[in-house]
Amino acid sequence: MLFCFKKKPLTPKSPPIPSRHPRMEDIPDLLETITTKRGEKSAAAVKRIYELCDVFHKQNRVPMVCSGNYDVLTTLAQCLTQESGDGRHLTCMALNNLSIPTENKRVITLGPSSSAIIGGLCKVIAEDKKDSYLCCICLMNLSFLEASITTMLQHSPVPDGSYPIPPLNNSKSLIRIVENLLKNASTGPKRRSEKYEAVLWACGLIKNLAKSEENAALFGKTEIPNCAVENVRYSTASPSQWTSNSLEDFSLFIILNLAQWPVSRQGLIKAGAVDVIKPIMKEGDLQGLKAVMACALLGAQWADFPDDGSTAAKSISELMTNITGKKGKDGIYTYGVFNLHIATKAYRNLCHAANTVNGGVGESSTKVLDVQSAETLCLQVESDLLLAADNDSDVGGSNCVPIGKTVEYSTLTVDYIKEAASRASGEATADNGRLKFETIGTISFRPLIGPPATLKSKG
């Protein structure tokens, strides 16, 4: 007797993961496996995506995101919403690699997947899991694109169909999640722990985001300025031992970047930033330079600056000279670390401190401002005026600062230096040795092109 068995219809299967090293043409099948499978099979496919963009395959990173051939970002964003495990860990690793190229930064932060990616990274950070530090690194990588930093900090997710919620009113916003991360670590996480690494790279993210005045206005209404000051206050290492990209290095940068904006300056003053960073000004390295400029921007008194202000004047004027010359200082900083706006504004405030000492009487506080970079700064003012109409010109500035503000501070600084030099040579008229400084008013000068121009000083 013969028995006939009805053959069951075959269910569609995801393409098998090849045993060889993955290739770019494998990406569609890998994305399908990630989307349709769970557990080990999905994690194995994510691992293949990571291997395609690892340190040995950097050439694949831009095509994977920018070519338009693969929807890698949407799939990885979905993986971030999964429970903690190998798949999500590998997703964070892959996104870290993909966030490095400048071309990818623009697509990730400003493209159609931006909300999903940033939201997924925030979700992981909020859970305070072991992958939080990887998400903070990824966000910091993305924040190096200045064109995206205001958009990033505005991330404030709401359910579909709901009205928008301002970031400061939304516990799920990027700014509140990062703030909570820093506040919850106020007791000081153990160095090199996963918690410490998350706080470290979150501070690196904030350092970049604080370059925008719009972002600084938001930071000024949080506990973040106080957290940055506390990181410096309770450091057990000498400033001379702070390495680049250390928690203290990032925190001092946060203080410096926030100090340049009136909207966030008061929070730093309230946290006692000047008293905390004054001792660091004695250091003759990068940290000392940052402390000098931050103190000047925060309105420190002339007596607070070491060596009767001479060290501060020389270090900031040298920085301005290097910026205009598009160069750094060997072993201290590279070109691009600082912009001309923050340097000229710090020097202008230093002039103010010199002007107000002893009621504005006496020459000793003005002679130190007679620096060799005066002529360079004059040329810089002319250069800025010539290039003012060209927003794409690289004049040591920043996309976050209008060129007019840089010109304004350059003009003021040159005026102060010229008068200081005149006093030092005994050629000044009798004016009690005072430098002319106005916090509010109209600064007029003769432009090289166009009609007479005026700039309003806002302090």
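The values are calculated or read from the model by the stated rules, or taken from the named source; none is laboratory data. It should be emphasised that the depicted structure is a prediction, and the values quoted were computed from it without experimental measurement. Please note: Cβ atoms are built from the backbone with ideal geometry, for glycine as well, and neighbour counts cover all protein chains shown. For the accessible areas, the whole protein counts, side chains as well, though only heavy atoms, and no ligand, DNA or RNA atoms are used. Shrake-Rupley method; radii C 1.70, N 1.55, O 1.52, S 1.80 Å.
Out of the stretch 113-147, which residues are over 20 Å from A94 (Cβ atoms) and not in a loop (DSSP other than H, G, I, E, B)?
Correct list: A126, E146, A147.
Of the numbered conditions (1) open to solvent by less than 60 Å² (accessible area, probe 1.4 Å); (2) within 17 Å of E248 (Cα to Cα); (3) out of contact with any Asp or Glu (no Cβ under 8 Å at 6 or more places or on another chain), R192 fails exactly one; give the number of that condition.
(1)
Spot the failing condition for I100; the list is (1) assigned to a helix (DSSP H, G or I); (2) modelled with pLDDT of 95 or more, and only one is missed.
Among (1) assigned to a helix (DSSP H, G or I); (2) modelled with pLDDT of 95 or more, the lone unmet condition for I100 is (1).
When the stretch 297-314 is examined, which residues are found to be surrounded by fewer than 18 Cβ atoms within 10 Å (Cβ to Cβ), among the polar types (S, T, N, Q) and part of a helix (DSSP H, G or I)?
S310 - this is the single residue of the stretch 297-314 that is surrounded by fewer than 18 Cβ atoms within 10 Å (Cβ to Cβ), among the polar types (S, T, N, Q) and part of a helix (DSSP H, G or I).
Just give me the residues in the stretch 329-345 being over 21 Å from V232 (Cα atoms), open to solvent by 20 Å² or more (accessible area, probe 1.4 Å) and either of a type outside the set (D, E, K, R) or touching a residue at least 40 places away in the same chain (Cβ under 8 Å) (or both), in sequence order.
G331, T334, Y335, G336, N339
Looking at P164 and the list (1) touching a residue at least 40 places away in the same chain (Cβ under 8 Å); (2) farther than 27 Å from T33 by Cα; (3) open to solvent by 40 Å² or more (accessible area, probe 1.4 Å), which single condition is not satisfied?
(1)
As an exercise: evaluate A147 against (1) under 23 Å from L168 (Cα atoms); (2) open to solvent by 10 Å² or more (accessible area, probe 1.4 Å); (3) under 17 Å from the mean Cα position of the chain (by Cα); (4) modelled with pLDDT of 95 or more and give the number of the one condition it does not meet.
All conditions pass for A147, except number (4).
Starting from the stretch 233-246, keep only residues that are under 22 Å from L205 (Cβ atoms), then list their pairs with residues that are small (G, A, S) and modelled with pLDDT under 90 whose Cβ atoms are within a distance under 7 Å, requiring at least 6 positions of separation or different chains.
Y234/G188
If you check M64, M93, which single one turns out to be farther than 14 Å from I118 by Cα and within 24 Å of the chain's Cα centre (by Cα)?
M93
Could you grab the pairs with beta carbons closer than 6 Å, sequence gap of 6+ or different chains, first residue in the stretch 35-62 and touching a residue at least 24 places away in the same chain (Cβ under 8 Å) and among the β-branched types (V, I, T), second one open to solvent by 40 Å² or more (accessible area, probe 1.4 Å) and in a helix (DSSP H, G or I)?
Cβ pairs passing all conditions: V62/E103.
What's the number of the only condition in (1) part of a helix (DSSP H, G or I); (2) in contact (Cβ under 8 Å) with a residue 60 or more places away in the chain that K326 fails to meet?
(1)
Please specify each residue of the stretch 281-296 satisfying the condition of being buried (at least 24 other Cβ atoms within 10 Å of the Cβ) and of a type in the set (A, V, I, L, M, F, W, C).
If the condition is that a residue be buried (at least 24 other Cβ atoms within 10 Å of the Cβ) and of a type in the set (A, V, I, L, M, F, W, C), then M281, L289, A291, V292, M293, A294, C295, A296 are the ones that fit.
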